[in-house]
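Okay, structure first, notes after.
Just so it is clear, none of the values below were taken in a lab; they were calculated from the coordinates. Since the model is a prediction, treat every value here as computed from it, not as a measurement. For neighbour counting, all protein chains shown are included, and Cβ atoms are generated from backbone atoms with ideal geometry for every residue, glycine included.
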């Protein structure tokens, strides 16, 4: 009994790990376009999602901010009850929805565009409502078994999370955002007590490529 439980748990870990590793092969022109767009953005960056995607959206916004790209999570229902007043022309909205058919995400995205906001969709279904309306579509696929029953967003949210980690880190390097700057905005916890900073990450240059705009 104990062995079968451990085997089942290990299968989950191996399946999800394989899905995360496969993200490297999904980094394409759409990733470059998003990186350029966020790098050149002079407005605000908002990240939105519902359910488990909402948890990943909150994480992504936090890590973008920590890495030097100002971003905040916006709750879709709060936004539809007035918070979208924070959205204005020149801003970017990253909308996360695996199936692309979450009504609240899609309605917010449409209304954001009417306010002059560019919408970036992270979805597994480019032909979905969200995929069709977005200004930039990033297709993130999950390996077989990654989401149990195709209904529980486990592997797919990890795929989205690691894609966001790659984005945050690339932007950090392009901005040459150093550890001293990280410490400036992270004074609490063990990080805030760091006395010897590591060497800064190698820069990736400062000029956005022609895909931005």
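Values computed for the structure shown
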item: Theoretical ellipticity at 222 nm over the chain - DSSP helices of four or more residues, -39500 (n - 2.57) apiece, nearest 500; result: -14500 deg cm²/dmol
item: For the chain, share of DSSP beta bridges that run antiparallel, in % to the nearest 5; result: 0
item: Size of the range 43-154 as Cα extents on the principal axes (Å, biggest first); result: 40, 30, 24
item: Inter-label distance, nm, simple model (7 Å from Cα along the C-beta direction), residue 169/residue 1; result: 4.2
item: Cα Rg over Rh - the range 110-162, Kirkwood; result: 1.07
item: Potential extension, residue 111-residue 11 segment - 0.36 nm per residue separation minus Cα distance; result: 31.8 nm
